[in-house]
4 protein chains.
Amino acid sequence: MEREHLLTALHGVIPAAVTPTTPDGEVDTEGLAANLRAWRTLGLSGYLVLGSTGEMPLLSEFERMMAVEVARREIPTDQLLIVGTGQQSTRATIEFTRQVAESGADAALVVTPNYYVPALTVEAFVRHYTAVADASPIPVLLYSVPPLTGVTLPVEAIARLAEHPNIVGIKDSSGQPRHLHAIRQHTPPSFAVLSGSAVYSLGALADGAADGLILAIANVAPEVCVAMYRAVREGDLEGARVLYRRLLTLNEVLSAHGIGGIKAAVAARGWAGGPPRSPLAAPDEEGVERIRAAVHKLVL
Amino acid sequence: MEREHLLTALHGVIPAAVTPTTPDGEVDTEGLAANLRAWRTLGLSGYLVLGSTGEMPLLSEFERMMAVEVARREIPTDQLLIVGTGQQSTRATIEFTRQVAESGADAALVVTPNYYVPALTVEAFVRHYTAVADASPIPVLLYSVPPLTGVTLPVEAIARLAEHPNIVGIKDSSGQPRHLHAIRQHTPPSFAVLSGSAVYSLGALADGAADGLILAIANVAPEVCVAMYRAVREGDLEGARVLYRRLLTLNEVLSAHGIGGIKAAVAARGWAGGPPRSPLAAPDEEGVERIRAAVHKLVL
Amino acid sequence: MEREHLLTALHGVIPAAVTPTTPDGEVDTEGLAANLRAWRTLGLSGYLVLGSTGEMPLLSEFERMMAVEVARREIPTDQLLIVGTGQQSTRATIEFTRQVAESGADAALVVTPNYYVPALTVEAFVRHYTAVADASPIPVLLYSVPPLTGVTLPVEAIARLAEHPNIVGIKDSSGQPRHLHAIRQHTPPSFAVLSGSAVYSLGALADGAADGLILAIANVAPEVCVAMYRAVREGDLEGARVLYRRLLTLNEVLSAHGIGGIKAAVAARGWAGGPPRSPLAAPDEEGVERIRAAVHKLVL
Amino acid sequence: MEREHLLTALHGVIPAAVTPTTPDGEVDTEGLAANLRAWRTLGLSGYLVLGSTGEMPLLSEFERMMAVEVARREIPTDQLLIVGTGQQSTRATIEFTRQVAESGADAALVVTPNYYVPALTVEAFVRHYTAVADASPIPVLLYSVPPLTGVTLPVEAIARLAEHPNIVGIKDSSGQPRHLHAIRQHTPPSFAVLSGSAVYSLGALADGAADGLILAIANVAPEVCVAMYRAVREGDLEGARVLYRRLLTLNEVLSAHGIGGIKAAVAARGWAGGPPRSPLAAPDEEGVERIRAAVHKLVL
């Protein structure tokens, strides 16, 4: 995918796709394929597989490659496929990034390591991401998700990494306006900033912090996310706010259940979900009922 | 001030006024009076004195009362005067709230205590604020400012306190969309939510988290804040964003210097500033120069 | 009190005395006097009044001075009286320190400010404490109590302040070996390090982190604290450990109740306690029962 | 290894062995073998391989198995070999634990997962560790290392897990007396508590928090660690404190450099070290010099 095409696709809504599972917890590649087909006409500007929502840290190497191959097969080559490739070591990250590039991924989303926290200095991050970007055949997106990892990629590191020709943007899931605007301020306008927070989505688009969104909730309500994105881009703030409130209401119900909740909600939409892998847990029956009700209310 | 009038005034922009000081560090009541007069025609919907920006925790009881009396004298009685009254003990908070009510304050902004952190449970907050609201002759606004105090007023406490007839709203300076929206969701629509964060100001107005703004930067750029507020309220998102960017640029320069920076910027506008009280510090000469340049750029 | 005498007294056990209150919450000066008399022969090496346990932040200026005067009257002048004097502003801290010096305090314990957290840099702390120590007629002890204030006095600041001729030591209540040993390593041997943590008391004496202890639990079990201190100083580690376990058992019961629990336990010993001031709370009846049982078990 | 023998071995000093590397960053199995042989007569009570210090999260599956096999070959079967086996998913942890058991490991040290932080509730930890302990052919040690992972295994989870017949103890590297004593208090006396903190080592042995030590610094100064352990066990507190101070002095120099510093220090002792794997970094030349000097001073 050409750079310009890629950058255009980053301005939009991208679901952080779940990795569907069978009831006994195996990766359901047919379910993944079906989901990607079902989403094809909804206005999404690309797809992320093997993100946090895709349970990448909980899958085996074989399962990961399987998911990438299915995704590339289902997603037309002119549509953006981002794959999460970050591992704890630079070496393993490079290796896996090369593999997914060979399998046709358009860009790699590289989450911060989060073991050895005191070693994760600005210098260490710059070294790590530079090595990955140097070695990667495909463009790299930085990925900072402190709510899940406890680690924040510092703005100073981002500013330096944004100069690397093979690093094209960042997914920041801090949900913190201060952090996203600091990134904005210290990176060139061509550096794509995507918010990974449903709560700070309309705000981030409205106040200029973000170019696009990569959202877990876009698994469940892709149409609402896309409509909200378009409304705010067209200056229809009131319309966008109505859609945003619907997303927030759903998000409130889901957020108590983490990825298990997202997958249950995806299933409630008739798409492929399944239980998340331990130590994550599926919602209990009562939770599933609440999620189902919220999904049905949203869809109607 | 009648309740309805008060609530209307909370939908707008309110400066968290600095307490001007003479070069030798004494409270400059004439400066305070002059500032309030200068701001009178700028479209602000009220004034906060003795907030964090007003250095309340660093002033003596006598200085505090002096500031309130000057403020009330300068602010027409049909315009909203909010006074910060929160102390570490419930008893001292009640006493001071009663005093400022007698001096004509329209509402009390009661910051969370922040000593004895482990004792500050939901129950303790509910007990504390209920006692204050019961005893206060004037409406109470909750005030949570974790960046300065390290303490967050929990949503559960806010939800319970919002039912108190004498608690009318909250100033939340977390700058966190997740927190403001959770407050929104668990309080009635009449409960006023004001963001105290310049960075999460346009976003909070656009995405519906906040009704109004109480900002330190409104000391320095009241006109820009008011214009931004009006633009977003009128649906002119693009216009609002242009103004917001100007605020952010200024904010970035000021934020390195805390309240000392705000006061230097106020002085750069030709209004009364002065050094903050130790342990706060005034910016050094280079800092003052940068601040002056940023203020002049903004004003032009 | 001469410097050498003072330093000797800091090597020992000092209770962070509660401020007794009457059932309706007023300061009980007679109770304070009675407590100090009751403790006189128990081997304590000094007394702290108006510490965190003494509820200093919750008392009025008048109540504070009353407590100091009672304490000085009851404590023989050749015995160490330390008074907590730290306020949010440098100015108020200096003023109050001078007052307590005039009332006969031997040393001032100056807690870190804890409002305006981002302003509390190493430079700010050095400026603040240097100004206080310059102005104080009596020696100053630094005081860092992150569990209650959320603020840690950084080792770098301590190292610089330890060079001030009027700063003689620190009470560190972090309970963190790493922090106390870092202080040790960056201050001269004559700089007194006192641990304010009951849990890290035997450990701190045994591994050399602390010279002495200033403990809330020494209100309740002064004899056990003193006996443990002497045992470890005399090399009887096993004996010290037996006493320490008894303290820990009591501490576990008390720690759920904060200062209200300490005061209930003091009352259970037949000394003067009373309710803490709001937002602190007294334990409920069940809590009081558990505390009583734990105290009786300890004393027998 | 029989349970009783295992428990005896946990009362002692165990090095968290580095995984030596060649200059080009490959695992140096000969170096690992040589280190284990060199340590054999020093009084260590067992060995941990593939701990945090062993860079487990940065090694490939193949490298991990290689390290285990070399370790088992070099360590006599009557001596304790613990292997770190914790992965992000329960499934991968079980699989790897089974493999190392087949390769002859005596016990598995299972670090907490640290991705999906909000999902890591007490329930999730209990479920995760119970599944691992149920499936593991060898006894399991819990492992909580918040300084490196940002995650603390809660005392409530530990208390419940301590009842599992196949969970024999915990390595806690919090360095926090409060946490270790809480674990002690809520687990049976037979549950082994090992401190992973060099700073809270003598203190933890002296005050009864810990039965044994698993230390990175025991790679560099095994003799000093063992001598300190024996001194405190024999009641020679003064002797123990002298040795502890020597360890602290070394630790201070090393701690700035993380695992890279430990490996440089191991090399300075003439044993096998090598560069750590990125994102970890080796110390620069100046750092290496300081480390060498500190090691030489210690050994003399």
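The values are calculated or read from the model by the stated rules, or taken from the named source; none is laboratory data. What you are looking at is a predicted structure, and each value in this text was computed from that prediction instead of being measured. A quick note on method: Cβ atoms are made from the backbone with ideal geometry, for glycine too, and the neighbour counts reach across all protein chains shown. The protein model used for the area step is the full one, side chains on, heavy atoms only, and it has no ligands, DNA or RNA in it. Shrake-Rupley method; radii C 1.70, N 1.55, O 1.52, S 1.80 Å.
Quick notes on this structure:
- The one condition from (1) at the interface with chain D (Cβ under 10 Å from one of its Cβ atoms); (2) more than 26 Å from residue B:116 (Cα to Cα) that residue C:252 does not meet is (2).
- Cβ pairs under 8 Å, 6+ apart, first in the stretch C:273-300 and within 14 Å of chain B (Cβ to nearest Cβ) and farther than 19 Å from residue B:128 by Cβ, second outside any helix (DSSP H, G or I) and at pLDDT 95 or above: C:287/C:257
- Checking residue C:178 against (1) open to solvent by less than 40 Å² (accessible area, probe 1.4 Å); (2) assigned to a helix (DSSP H, G or I), the condition it does not meet: (1)
- Conditions (1) assigned to a helix (DSSP H, G or I); (2) within 12 Å of chain A (Cβ to nearest Cβ): number failed by residue D:65: (2)
- Subset of the stretch D:266-288 that is touching a Pro at 6+ places or on another chain (Cβ under 9 Å) and assigned to a helix (DSSP H, G or I) - its residue that is surrounded by the fewest Cβ atoms within 10 Å (Cβ to Cβ): D:267
- Within the stretch A:173-189, being more than 13 Å from every other protein chain (Cβ to nearest Cβ) and touching a helix residue (DSSP H, G or I) at 6+ places or on another chain (Cβ under 7 Å) holds for one residue alone: A:187.
- Positions within the stretch A:126-145 being over 20 Å from the mean Cα position of the chain (by Cα) and either within 17 Å of residue A:183 (Cβ to Cβ) or among the basic types (Lys, Arg) (or both), in sequence order: A:126, A:127
- Qualifying residue in the stretch C:218-232 (condition: part of a helix (DSSP H, G or I), of a type outside the set (Phe, Trp, Tyr) and modelled with pLDDT under 95): no
- When D:263, D:297 are checked against the criterion of being modelled with pLDDT under 95 and either of a type in the set (Ser, Thr, Tyr) or in a helix (DSSP H, G or I) (or both), a single residue qualifies: D:297.
- For the stretch A:202-247, the set of residues classified as open to solvent by 10 Å² or more (accessible area, probe 1.4 Å), under 24 Å from residue B:248 (Cβ atoms) and touching a strand residue (DSSP E or B) at 6+ places or on another chain (Cβ under 6 Å) consists of A:211, A:229, listed by residue number.
- Within the stretch D:53-78, residues that are open to solvent by 30 Å² or more (accessible area, probe 1.4 Å) have Cβ atoms under 6 Å from residues that are part of a helix (DSSP H, G or I) and not charged (D, E, K, R) in these pairs: D:66/D:29, counting only partners at least 6 apart in sequence or on another chain.
- Candidate set: the stretch D:98-114, residues that are within 14 Å of chain A (Cβ to nearest Cβ) and touching a residue at least 40 places away in the same chain (Cβ under 8 Å); chosen: the one farthest from residue D:17 (Cα to Cα): D:112
- Condition check for residue D:214: under 14 Å from the mean Cα position of the chain (by Cα), closer than 23 Å to residue D:149 by Cα and outside any loop (DSSP other than H, G, I, E, B): yes
- Any hit, the stretch A:156-169, residues being under 25 Å from residue A:64 (Cα atoms), within 14 Å of chain B (Cβ to nearest Cβ), at pLDDT 95 or above and outside any helix (DSSP H, G or I): no
- Residue within the stretch D:118-137 that is aliphatic (A, V, I, L, M), at the interface with chain A (Cβ under 7 Å from one of its Cβ atoms), open to solvent by 20 Å² or more (accessible area, probe 1.4 Å) and over 27 Å from residue A:216 (Cα atoms) present: yes
- Every residue from the stretch A:68-88 that is part of a loop (DSSP other than H, G, I, E, B) and not hydroxyl-bearing (Ser, Thr, Tyr): A:75, A:76, A:78, A:79, A:86, A:87, A:88
- When the stretch D:115-134 is filtered for residues that are without any contact (Cβ under 8 Å) to a residue 24 or more places away in the chain and assigned to a helix (DSSP H, G or I), the ones remaining, listed by number, are D:118, D:119, D:123, D:124.
- Scanning the stretch D:80-95 for residues that are without any contact (Cβ under 8 Å) to a residue 60 or more places away in the chain and over 19 Å from residue A:55 (Cα atoms) returns D:81, D:83, D:84, D:85.
- Scanning the stretch D:81-97 for residues that are more than 18 Å from the chain's Cα centre (by Cα) and open to solvent by less than 20 Å² (accessible area, probe 1.4 Å) turns up D:89, D:90.
- Every condition in (1) of a type in the set (Lys, Arg); (2) within 20 Å of residue B:115 (Cβ to Cβ); (3) open to solvent by 40 Å² or more (accessible area, probe 1.4 Å) holds for residue C:263 except the one numbered (3).
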